[in-house]
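> Quick one: the structure is below, questions incoming.
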Amino acid sequence: MSHLTPFGVRDYLPHEITARQAVLRGVSKVFKAAGFERVVTPTFEYYEALLPGMGAHLRKKAIRFNGVEGNDLVLRPDHTAAIARVVGSRLTAADLPVNYYYLDPIFRRSNSGEDIEQFQAGIEMIGDASVDADAKVIGTAIEAMRSLGFDDVKIDIGYAGYVASLSETEQKALRYGDYTAGIPAHGGVEVVQDVPELVSLHAALTANGYADYVTYNKGLVRDFSYYTGVMFDVVVPGCGRVLGSGGRYDELMGQFGFSAPAVGFALRVNRLQELMDV
């Protein structure tokens, strides 16, 4: 058994490392050009320090252990919560917005057969509540995917308010594609005319040349409780899996003692490198 790796982690051979580095080079170039700077948070932290930003979903998937001093520690389960902790504890006097990106792994328990160690690349814009900020983050996601050769990328946009009134059972049904109660509207901006914020977002995306890359989905559901407005998935037709996700989380920073609006996204590097031809 000494030659085997623990469940959920694995070795990476040279061609797999090449694929990952190609992803990281491509997206980091886009992130930097858009004005984002890199931050790195610890691989493990105090569980209590991240707890305010984790929610039930992440708490269930978090990998906890006792540190050498007997403290309750957790492997980084999410970049958003970790960066919120950094800003709330160290950058309260900083001029807003602050724009950060990351290129590091997270660790989550998995029941789907995926690795526990998952590499992510993403951005966080903290301190800007405008629709233009949402449009910039979505545009950056599109450009990051295009930099990797995915010119057919689509951003499927939802809204937290659509599912806020649904029961947990109804949300779970949508999450697993159970449409027995009806298929939610999905299409162009015409399906979300009841949300002025999304109409304004579409106008901004159109002005930036991204209208053809987006669709709108009233049935988009998130496991994470911190999303407060726009939410979105990054997909490629024919792939069958979500390659990234993001959205607005205006209430999360307040959980760390520093109220500020925020929006961001994360790309699934493991999935992207499997699709890349290198």
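> Please list, ordered by residue number, the strands (runs of 3 or more DSSP E) wholly in the range 1-80 having 2 or more residues that are hydrophobic (A, V, I, L, M, F, W, C).
Passing ranges, in order: 72-75.
> While we're here: Within the range 133-153, track down each residue that is in a loop (DSSP other than H, G, I, E, B) and surrounded by fewer than 17 Cβ atoms within 10 Å (Cβ to Cβ). Walk me through it before giving the result.
Step one: of the range 133-153, the residues in a loop (DSSP other than H, G, I, E, B) are 148-153.
Answer for the range 133-153, where residues must be in a loop (DSSP other than H, G, I, E, B) and surrounded by fewer than 17 Cβ atoms within 10 Å (Cβ to Cβ): Gly149, Asp151, Asp152.
> Answer with yes or no whether Asp151 is closer than 22 Å to Thr18 by Cα, modelled with pLDDT under 95 and touching a helix residue (DSSP H, G or I) at 6+ places or on another chain (Cβ under 9 Å). Step through it out loud before you land on a result.
Details: closer than 22 Å to Thr18 by Cα: yes; modelled with pLDDT under 95: no; touching a helix residue (DSSP H, G or I) at 6+ places or on another chain (Cβ under 9 Å): yes.
Taking the combined requirement at face value, the residue does not satisfy it.
> Kindly evaluate Gly26 against the criterion of being under 22 Å from the mean Cα position of the chain (by Cα) and buried (at least 19 other Cβ atoms within 10 Å of the Cβ). Spell out the reasoning first.
On the way: under 22 Å from the mean Cα position of the chain (by Cα): yes; buried (at least 19 other Cβ atoms within 10 Å of the Cβ): yes.
So Gly26 fits the description; yes.
> Step by step: first the residues of the range 240-273, then only those that are assigned to a helix (DSSP H, G or I) and either of a type in the set (Lys, Arg) or without any contact (Cβ under 8 Å) to a residue 40 or more places away in the chain (or both), then the one that is surrounded by the fewest Cβ atoms within 10 Å (Cβ to Cβ). Which residue is that?
Step one: list which residues in the range 240-273 are assigned to a helix (DSSP H, G or I), which gives 253-256, 269-273.
With the extra rule that they be either of a type in the set (Lys, Arg) or without any contact (Cβ under 8 Å) to a residue 40 or more places away in the chain (or both), the set shrinks to 254, 271.
Numbers: Gly254: 14, Arg271: 18.
Among those residues, the one meeting the criterion is Gly254.
> Let me ask something additional. Confirm whether Glu197 is surrounded by fewer than 19 Cβ atoms within 10 Å (Cβ to Cβ), touching a helix residue (DSSP H, G or I) at 6+ places or on another chain (Cβ under 7 Å), among the charged types (D, E, K, R) and over 19 Å from Gln118 (Cα atoms). Talk me through it step by step, then tell me what you get.
Values: surrounded by fewer than 19 Cβ atoms within 10 Å (Cβ to Cβ): yes; touching a helix residue (DSSP H, G or I) at 6+ places or on another chain (Cβ under 7 Å): yes; among the charged types (D, E, K, R): yes; over 19 Å from Gln118 (Cα atoms): yes.
Spelling it out, Glu197 is indeed surrounded by fewer than 19 Cβ atoms within 10 Å (Cβ to Cβ), touching a helix residue (DSSP H, G or I) at 6+ places or on another chain (Cβ under 7 Å), among the charged types (D, E, K, R) and over 19 Å from Gln118 (Cα atoms).
> Starting from residues that are assigned to a loop (DSSP other than H, G, I, E, B) and out of contact with any strand residue (DSSP E or B) (no Cβ under 7 Å at 6 or more places or on another chain), keep the ones in the range 83-95 and report whichever is farthest from Asn270 (Cα to Cα). Before you say what the answer is, go through the steps one by one.
Step one: filter the range 83-95 for residues assigned to a loop (DSSP other than H, G, I, E, B), giving 91-95.
Checking the rest, the ones that are also out of contact with any strand residue (DSSP E or B) (no Cβ under 7 Å at 6 or more places or on another chain) come to 92-95.
On the way: Thr92: 34, Ala93: 36, Ala94: 33, Asp95: 34 Å.
Per the criteria, the residue is Ala93.
> Next question, about the same structure. Filter the range 19-31 for residues that are touching a residue at least 24 places away in the same chain (Cβ under 8 Å) and of a type outside the set (A, V, I, L, M) and give the result. Full working, then the answer.
Filtering the range 19-31 down to residues touching a residue at least 24 places away in the same chain (Cβ under 8 Å) leaves 19-20, 22-24, 26-31.
Matches in the range 19-31: Arg20, Gly26, Ser28, Lys29, Phe31.
> Among Thr215, Thr206, which is the only one that is of a type in the set (S, T, N, Q), over 30 Å from Tyr47 (Cα atoms), assigned to a helix (DSSP H, G or I) and out of contact with any helix residue (DSSP H, G or I) (no Cβ under 7 Å at 6 or more places or on another chain)?
Numbers: Thr215 fails: assigned to a helix (DSSP H, G or I).
When all the criteria are applied, what remains is Thr206.
> Also, quick follow-up: Among (1) touching a helix residue (DSSP H, G or I) at 6+ places or on another chain (Cβ under 9 Å); (2) buried (at least 19 other Cβ atoms within 10 Å of the Cβ), there is one condition Ser89 misses while meeting the rest; what is its number?
(2)
> Among the residues of the range 3-11, is any among the hydroxyl-bearing types (Ser, Thr, Tyr), out of contact with any strand residue (DSSP E or B) (no Cβ under 9 Å at 6 or more places or on another chain) and surrounded by fewer than 12 Cβ atoms within 10 Å (Cβ to Cβ)?
Filtering the range 3-11 down to residues among the hydroxyl-bearing types (Ser, Thr, Tyr) leaves 5.
Within this subset, residues satisfying the condition of being out of contact with any strand residue (DSSP E or B) (no Cβ under 9 Å at 6 or more places or on another chain) are 5.
So of that shortlist, the ones also surrounded by fewer than 12 Cβ atoms within 10 Å (Cβ to Cβ) come out as 5.
For the range 3-11, residues among the hydroxyl-bearing types (Ser, Thr, Tyr), out of contact with any strand residue (DSSP E or B) (no Cβ under 9 Å at 6 or more places or on another chain) and surrounded by fewer than 12 Cβ atoms within 10 Å (Cβ to Cβ): present.
> Moving to a separate point now. Which one is surrounded by the most Cβ atoms within 10 Å (Cβ to Cβ), of the residues in the range 41-73 that are more than 24 Å from Thr228 (Cα to Cα) and touching a Phe, Trp or Tyr at 6+ places or on another chain (Cβ under 7 Å)?
The selected residue is Leu73.
> Restricting to the range 98-132, count the residues that are under 23 Å from Val230 (Cα atoms), in contact (Cβ under 8 Å) with a residue 40 or more places away in the chain and not in a strand (DSSP E or B).
5
The values are calculated or read from the model by the stated rules, or taken from the named source; none is laboratory data. All of these numbers come straight from a predicted model, not from anything done at the bench. Counting neighbours? That spans all protein chains shown, and the Cβs are built from the backbone with ideal geometry, glycine included.
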